[in-house]
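Colleague: Quick one: this structure, given as structure tokens, is what I'll be asking you about.
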Amino acid sequence: MKRIRNTLGILLLLLVSHNSYALGDPALGKDKAARCIECHATDGNNPDPKVPRLTGQLPDYLLKQMLEFVSGHRKDHVMSSMIKEIKTTDGLTDIAAYYANLPVMSGSGTQTALGQQGKKLYMQERCMYCHNFTGRPDDTFAGGAPVIGGQSKGYLVKVLLEIRSGERKADMHDLMKKTLAKQSDQHIEAIAEFLSNIK
């Protein structure tokens with residue numbers, strides 16, 4: 001069964017073109033996202049730090065993450081269960097288009113001393129090569145990097161720690177893991193502080 005799920009996930013990834021956003025319908029996606037809204041909110045901005053903000057996220061990134069839950073490559077008790085209720089790839093594409101079509105996630109626009117330290121680390125480690133200077137790669141970026149500028153600080157800390165430990169895989173070459181291996185918990189908090197406050 002696991003092999004079938006993995007094969008299905010790979011096939012779905014191959015079927016979806018890089019222009020998936022153009023194929024998705026945000027209006028249909030809003031209706032199909034009824035269960036998603038329970039956690040992620042209608043505007044994609046649930047304040048719970050355990051829940052990622054989805055508003056204005058890149059559509060191909062959203063679609064890739066959903067397909068990884070379908071295949072079992074990513075696991076989360078709630079997501080892994082709910083994703084099974086979306087029966088078609090078109091449904092996932094429409095949901096991705098819906099959240100991507102919302103205004104891009106945004107922070108306060110001010111930076112604390114910790115955030116300034118985080119900005120220095122972000123530049124020093126060349127994070128902007130994949131995530132742009134504002135944590136917002138455009139939708140033509142082929143590497144699959146997500147929008148992280150304006151993301152919830154608590155969620156950023158959670159994910160960065162998971163990538164550093166190897167619990168979560170971020171990219172095929174483990175560049176994120178190698179970069180984060182050099183960072184202390186305090187450094188990770190500083191980077192998350194900087195990114196979360198980007199407006």
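The values are calculated or read from the model by the stated rules, or taken from the named source; none is laboratory data. The shown structure was predicted, so the numbers you read here are calculated from the model rather than taken from an experiment. Heads up, the Cβs are rebuilt from the backbone with ideal geometry, glycines too, and the neighbour counts pull from every protein chain shown. When the accessible area is computed, the model is the full protein with side chains, heavy atoms only, and any ligands, DNA or RNA have been set aside. Shrake-Rupley method; radii C 1.70, N 1.55, O 1.52, S 1.80 Å.
Colleague: Leaving out ligands and nucleic acids, and using a 1.4 Å probe, what accessible area per residue does the range 68-163 come to in Å²?
Modeller: For the range 68-163, the solvent-accessible area averages 51 Å² per residue.
Colleague: Another question about this same structure. Picking from 186, 65, 117, which is most flexible by a Gaussian network model of the chain using Cα springs under 10 Å?
Modeller: Maximum among the listed residues: 186.
Colleague: Helix-derived [θ] at 222 nm for the chain: sum -39500 (n - 2.57) over DSSP H runs of at least 4, divide by residue count, nearest 500?
Modeller: -15500 deg cm²/dmol
Colleague: What accessible surface, in Å², does a 1.4 Å probe find on residue 182, ignoring ligands, DNA and RNA and rounding to the nearest 10?
Modeller: My reading of the accessible area for residue 182 is about 130 Å².
Colleague: Which of 84/119; 32/178; 30/169; 119/169; 119/158; 50/119 have a Cα-Cα distance over 27 Å?
Modeller: 84/119; 32/178; 30/169
Colleague: Ok, one more. Comparing 152, 81, 71, which has the greatest mean-square fluctuation in the GNM of the chain with Cα pairs linked when under 10 Å apart?
Modeller: The residue that fluctuates most here is 81.
Colleague: Can you tell me which of 135, 115, 166 moves the most in a GNM of the chain? Springs connect C-alpha atoms under 10 Å apart.
Modeller: With Cα springs under 10 Å in the chain, the top fluctuation among 135, 115, 166 is at 166.
Colleague: Would you mind telling me the share, in percent, of accessible area of the chain contributed by carbon and sulfur at probe 1.4 angstrom?
Modeller: Carbon-and-sulfur percentage of accessible area, whole number: 59.
Colleague: Further, regarding this structure: About the Cα centre of the chain, how large is the charge dipole given +1 on each Lys and Arg Cβ and -1 on each Asp and Glu Cβ? Please answer in debye to the nearest 20.
Modeller: My answer is approximately 540 debye.
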